[in-house]
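Have a look at the structure below before the remarks.
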Amino acid sequence: MGQEGLPEAEAAELRRCEPAVRLKIASLSRERGKWDAAREQIDALLADPQRQNWLEAQIEAAELLVAAGRAAKDAGDAATADSMLREAAAGRKTGIVIWGWGGIANKVSRQAFAGTDAKALQARDLFFQARLKVAESLMLRAELKSDASEKTRLLETAETSISMTRKLYPDLGGTAMQQRFEKLLKSVQTALGKNPAGFAAFAPPAAATTAPVP
């Protein structure tokens, strides 16, 4: 007999399905704003070293951190919001490891630019989504800061992130993603007190490259 007295075959099937069920519960809990319930499922998944490299779980962890960080920001809990948004962008390297959007972009970058098959194109879309969310998280963190120098530092980091991504990958994943990057860039430029010229403020990008973003 297997898990909780089940026949071994049924117990094995239960173990096989458990990660997908936990991931679904985490996603539904996040969508309903039940942050603790979502975090419990993500922690259970990523506490297992065999699952720490599961891309879908890492994406859900990053999505959760952004959503919960936004909620904390709206509730006026700046410290919690800043911590969550920092991990959403840069990840967490101790305890339960979370890649964050920057780590996700790095993990998929090789496959994203390795060809034009369906898997490569899917990875490419995720790569640009992740790079955009790094900059978005930096912008949100800047909005939390009362210290002018820290606010400026975060905004300039967001601007540099967008600039570097466009320099290395001028296509930015297509027209729709270009528009999203430029919209965010204009918001960053406005917050910095600059002319919100968007991409026009940058030098024209060079030819496309396949090198991963540092």
Around Gln178, what is the net charge, scoring Lys/Arg as +1 and Asp/Glu as -1 over all other residues with Cβ under 14 Å from its Cβ? +4
Those lysines that a straight Cα-Cα span of less than 16 Å connects to Lys93, excepting residues fewer than 8 apart in one chain: Lys107
Could you please report the charge total around Gly103, scoring K, R as +1 and D, E as -1 over all other residues with beta-carbon less than 15 angstrom from its beta-carbon? +3
Give me the percent relative contact order of the chain, please, defined on Cα pairs under 8 angstrom at least 6 residues apart. 12
For Ala71 and Thr160 in the same chain, what is the full-extension length gain: residue separation times 0.36 nm, less their Cα-Cα distance, in nm? 29.4 nm
If R0 is 30 Å, what FRET efficiency do you get for Ala120 and Ala20 from their C-beta distance, rounded to 0.05? 0.80
Quick one: compute the contact order of the range 58-167, relative version, from alpha carbon pairs under 8 angstrom and 6+ residues apart, as a percent. 21
Evaluate the relative contact order of the range 111-214 (contact order divided by residue number), counting alpha-carbon pairs under 8 angstrom at least 6 apart; express in whole percent. 24
Sequence-distant residues sharing a close amide H with Arg92 (under 5 Å, placed H): Ile98, Trp99, Gly100
Expressed in nanometres to one decimal, the distance between label points 7 Å along Cα→Cβ at Asp171 and Ser146 is 4.7
Rg over Rh of the chain, using C-alpha atoms and the Kirkwood radius, what does it come to? 1.04
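The numbers here are math on the coordinates, done by the rules we state, and not lab data. A quick note: this is a predicted structure, and the numbers were derived from the prediction, not measured. All Cβ positions, glycine included, derive from the backbone under ideal geometry; neighbour counts span all protein chains shown.
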